[in-house]
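Engineer: Take this structure, written in structure tokens, and hold onto it; I'll ask about it next.
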Amino acid sequence: MVSFLDFRASENADFQLPKFDADGELIPYDCSLKNIKIANEDDGYDGGQCSFVQDQDDCAPQGNFGFLELYYCDFHNAFGKTGGLIAFIPVGSLFVFIGMYTLASTADVYLSPSLEHLTTAWGLSDSLAGVTLLAFGNGAPDVFSSIAAASDGAGSDDNDATKSVSILLGGTFFISCFVVSLSTYASNLNADPRGPKQRMIKVTPRFFIRDVTFFILTIVYLLAVMLFIEHFNIFLSVGLLLIYAIYVVTVVC
């Protein structure tokens, strides 16, 4: 794939993305936002952005629906560039909601009950099942979405772990703040007649401190990798698995 950085122009000239090479063959570009943006600037690509996303194999949809062609062709032609952006926001939000709902409901209806059955069939303890099979059942949507995000830019120079890590950390932050607050609101009132009449969730301090400690350790590990090493490899990934293995052993013991 070719990036726009492979084409240098003089200081007074505009960047352009040639559509064909000297032999008349279509030049394959990586479908990066930078290339799509250049395709729109001063006829930077023959046919503009719509033609760019239709021509390039790297812009082909990896699923059943071509969102790039929908946005840059259909919405731009129907509403203009500014109007297309405004019109696409509710449509895109609807697609995101449907996708997230389908993914979450599939995990809740099919995956989690199956894992609970395996837990019973294998005779796993509650603590071991909670940090292995049931944890995977609850986190399955995050797992699959992170894998999809990590492989989204495969073969591109812009491919990195930013999206997949951001999905996991953002999901964790969302659960810690939003889901915990809703769970507390939906919980039962304090059963102690001498206590305050309010909804609450009781936690065991020792277990809570243990879980938070391992969570902080993992965040520090990720932070150190991002700041000092700036990339992930198989050895750093194994390090994360070791942290999880130590956590499981700590919970079981």
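Engineer: Taking amide H positions as placed 1.01 Å from N in the peptide plane, with prolines and chain starts having none, which residues 5 or more places from Lys19, or on another chain, fall under 5 Å of its amide H?
Structural biologist: For Lys19, the qualifying residues are Asp46.
Engineer: Also: Once a ≥ b ≥ c are taken as the square roots of the eigenvalues of the Cα gyration tensor of region 213-253, is the result rounded (a/c under 1.5), prolate (a/b larger than b/c) or oblate (a/b not larger than b/c)?
Structural biologist: Working: a/c = 5.38, a/b = 1.81, b/c = 2.98.
In terms of gyration-tensor shape, oblate.
Engineer: On a full-extension model of 0.36 nm per residue, what is the gain between Val109 and Leu26, subtracting their alpha-carbon distance, rounded to one decimal in nm?
Structural biologist: Details: separation 83, 0.36 × 83 = 29.88 nm, distance 4.68 nm.
Between Val109 and Leu26, full extension yields an extra 25.2 nm.
Engineer: Take Ala121 and Phe174, extend 7 Å from each Cα along the Cα→Cβ direction, and tell me the distance between the two endpoints in nm.
Structural biologist: It works out to 3.2 nm between the two label points.
No lab work stands behind these numbers, since they all come straight from the coordinates. Predicted, not measured: the structure shown is a model, and the values here were computed from it. Using ideal geometry, Cβ is built from the backbone for each residue, glycine included, and neighbour counts are taken over all protein chains shown.
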